[in-house]
1. Once ligands and nucleic acids are excluded and a 1.4 Å probe is used, how much of residue 139 is accessible, expressed in Å² to the nearest 10?
2. Which of rounded, prolate, oblate describes the range 230-310, given a ≥ b ≥ c as roots of the alpha-carbon gyration tensor eigenvalues and a/c under 1.5 marking rounded, otherwise prolate only if a/b is larger than b/c?
3. Apply 1/(1 + (r/R0)^6) to the Cβ-Cβ distance of residue 326 and residue 353, taking R0 = 30 Å, and write down the FRET efficiency to the nearest 0.05.
4. So how far, in whole Å, is the C-alpha centre of the range 173-227 from the one of the range 50-115?
5. On a C-alpha basis, how far is the centre of the range 277-292 from the centre of the range 144-158 in Å? Whole number, if you could?
6. Calculate the spin-label point distance for residue 93 paired with residue 248, positioning each point 7 Å from the Cα along the beta-carbon direction, and give it in nanometres.
7. Expressed in nm to one decimal, what extension gain is obtained for the pair residue 364 and residue 25 from 0.36 nm per residue of sequence separation less their Cα-Cα distance?
8. As I understand it, the value is the acute angle between the Cα axis of helix 220-229 and the longest principal axis of the Cα atoms of the chain; what does it come to in degrees, rounded to 10?
Amino acid sequence: MDNQKLMVTKPAPHPEKKEDHLCDLQVPFHRAPVGEEEAQAVSEIIRSGWITMGPKTFEFEREFTRYVGAQHAIAVSTGTAALHLSLEAAGIQAGDEVLLPTTTFTATAEAVTYLGALPVLVDIDPVTMNIDVEDALRRVTPKTKAIIPVHLAGQPCDMNEIHALAQAHRLRIIEDAAHALPSEYQGKRVGQISEFTCFSFYATKTLTTGEGGMITTDNPQAAERMRLMRLHGIDRDAWKRYRGDGSWFYEVLEAGFKYNLTDFQSAMGLVQLAKCDAMRQARQAIAQTYSAAFSPLEEIVTPTVRPDRSSSWHLYILRLRLDRLTIDRDSFIRTLQHRGVACSVHFIPLHLQPYYRRAYGCQVGDYPHAEQAYHSCLSLPIFPGMTDREITHVIGTVQETAAEFRHVHASAVHVLPSA
Ligand SMILES: Cc1ncc(COP(=O)(O)O)c(C=O)c1O
């Protein structure tokens, strides 16, 4: 999938400037904060003789419910599986419409298509880059059955507005919280706010098990349904059947899926969960350092987090003021990469992707805020374990690049007249 996020790509030469050297310090976009503790926990499971879903996964689920403050947690193999199972448990069927932002990873919309339902793309708020609830309202039809708010970069969406919309039009809410562990909205942790919340434990996420995911819900029937459907629709899981005192008998109650999380992944997840607050603090400190350094630059807009919520800081998304620069976003990224700073872009809006254009007739210009954000945004490295030297290098390189390609006419406007 988005391996691009992990790759430190060989920088292409910058078109506007002949570079004399490549920087000796290469800051990767991400380095997973995993080490000896995780290795130890995983190896204990490997030596235990039971490696697929079993007691460690159930322990991980229990600890996760405690951490986010939900009633039920269902561990699954990916965040995409979490979305699929939630939509299925919410009763989404072929022909139904599901609202979701165009600025997201394809998994958000793809999971809707698994059920034969229609992803209805919505524009974003130009400041937070999260779903624009007014635009969502404009796109509601009698077929609309659910909404998937995506907490981009870790900043929660406006959940009060989304709950009001959902109530007025009888929509189910499935939060895509792939980026939002741990994040809070009005003092509540994401995971306890809506009927379904889906987390991802993909390699670059704020808690990782390599691949993995979790759904939290306070709906006991939905929790039961998702537990059944994550393992083939079989009435009891393998751990219970293969235990010494277990019974070999099982019944297939539904045509389910193979979406369970293994015990060795869960063992890693438990270690990561215990470090989750500390890792968030580390990312927040980097975000604050970046914002303090970039706020004075007129070529750059730093991320805005609304005062009633907190971000996990999974991503740090900068916006370039292209009217104040002589280069575009792509050249800006190439320059940073050439100088040893790996970047990414979150996200190429879905309506610009070939599949969504072909399948749903989307066109350039359909979602102006998303397009504007896309052409001006870039994500900088932000991960626990970034060294001071790496942080300083990122800051210095962004400042230097902004200064070098400053639009002279734009900046001249701001030169104070001499007395
Ligand atoms: C917003 C969003 N939703 C869903 C997913 C899917 O998660 P996973 O890769 O665990 O299936 C991702 C993964 O990158 C994501 O960024």
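1. The accessible area of residue 139 comes to roughly 70 Å².
2. Prolate, because a/c is 1.5 or more and a/b exceeds b/c.
3. 0.55
4. Cα centroid to Cα centroid, the span is 7 Å.
5. Rounded to whole Å, the Cα centres lie 23 Å apart.
6. 3.9 nm
7. Details: separation 339, 0.36 × 339 = 122.04 nm, distance 3.82 nm.
That pair, residue 364 and residue 25, stretches by 118.2 nm at full extension.
8. The two axes meet at around 90 degrees.
The values are calculated or read from the model by the stated rules, or taken from the named source; none is laboratory data. Just so we're clear, the structure is a prediction, and the values are computed from it rather than from any experiment. Every residue, glycine as well, gets a Cβ built from its backbone with ideal geometry; the counts of neighbours run over all protein chains shown. When the accessible area is computed, the model is the full protein with side chains, heavy atoms only, and any ligands, DNA or RNA have been set aside. Shrake-Rupley method; radii C 1.70, N 1.55, O 1.52, S 1.80 Å.
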